[in-house]
Each structure stands twice: as C-alpha cells, then as structure tokens.
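Everything below concerns the one structure shown next.
The numbers here are math on the coordinates, done by the rules we state, and not lab data. If you're wondering where the values come from, they're calculated on a predicted model, not measured in any experiment. Using ideal geometry, Cβ is built from the backbone for each residue, glycine included, and neighbour counts are taken over all protein chains shown.
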Amino acid sequence: MPPEERPREERRREDRRREDRRDEDRHRDEDRHRDERHHEERPRTRPREEGDRHEQGHERERPRPRRPALDARDAARRAARHVEGLTGRAAEGVTSLERGKDGWVIGIEVVETHRIPDSTDILAEYQVELDDSGELASYRRTERYYRGRGEDRT
C-alpha cells in the first residue's frame, strides 16, 4: 500500500472504532434510562415508623376476603357439563343456583325421555354440588316428572 493511502486507512479504522464506541455508549445509556424508568414506575411505600407491626415481629397480614374462583354463570355451565358427562343427556336448563359456604349448589334440568308430543317428555332435575374451583363434589337426581306437570308435581 502506498504511504499516502496508509494514513487514510488508519483514519477510517479509527473512525469505525469511534463509531463503535459511540454505539456502545448509546446502547449503555438507553439501558440505564430504561432501568431508571422501570424503578420510577414502582409504587412507593411509606417509610416504616417506630411501632410498625413489621418491626414488632407481627409478619401476618390481615386476611383478605376470599373471592370465589367461579362466578355464578361459570358454576352453572360447569354443573351442566358434569351432568351431561355423567348422564349422557344434554342439559335443558338451570333450575336453581345457590352459593354455599364451600362452593355452589346448582339444579340442572335434563330431558330423560323424548316423547311425542313434547309436553309428555319425561324430565329430571339433578342437584349438583361444586367446590370453589368448579370440581364436582356430588350430584344426584332429586326428581322426575312430565314436562306438562312442571310446577304442580304433587
């Protein structure tokens, strides 16, 4: 390489090194700013004072009200699926729904025998108990009746 081009090549290399250093510095600054923003977004807590429960050794928090894992609609859907799976018959509807201490108690109506006319179908009501997570705790058939005699079953 001729001597006049050598300094030009060295200058180019030096320029590339400077650009690389600037890029590294820029990336490092961006990372630092991102970390600072992340720390700023954290909720701030009040400083502990003398007599705080934590300093006295009382680590227990107040119990939060227990929220059920299932709402009423999901509980009814799950109960219907459980009855369908166990009886092999499609659920006709939900007849009752009650929130219990440890879960749900749901009444599911099922057509047990299709007849013509429809008013003579034989229906059954199943009582299904689900725990808070929606798992089947129990189920039983509570009554059987003709569709046309739904309310006056005596």
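Taking the range 69-96 as the search range and keeping residues that are in a helix (DSSP H, G or I) and of a type in the set (Val, Ile, Thr), which one is surrounded by the fewest Cβ atoms within 10 Å (Cβ to Cβ)?
Taking the range 69-96 and keeping what is in a helix (DSSP H, G or I), we get 72-87.
The next check asks that each one be of a type in the set (Val, Ile, Thr); those that pass are 83, 87.
Details: Val83: 24, Thr87: 16.
The selected residue is Thr87.
Go through the range 127-145 and report how many residues are among the charged types (D, E, K, R) and over 12 Å from Arg78 (Cα atoms). Step through it out loud before you land on a result.
Of the residues in the range 127-145, the ones among the charged types (D, E, K, R) are 129, 131-132, 135, 140-141, 143-144.
Filter once more, so that each one left must be over 12 Å from Arg78 (Cα atoms): 140-141, 143-144.
Adding up the residues that qualify gives 4.
The residues of the range 97-132 that are assigned to a strand (DSSP E or B), exposed (fewer than 15 other Cβ atoms within 10 Å of the Cβ) and not charged (D, E, K, R), listed by number, are Thr113, Ile122.
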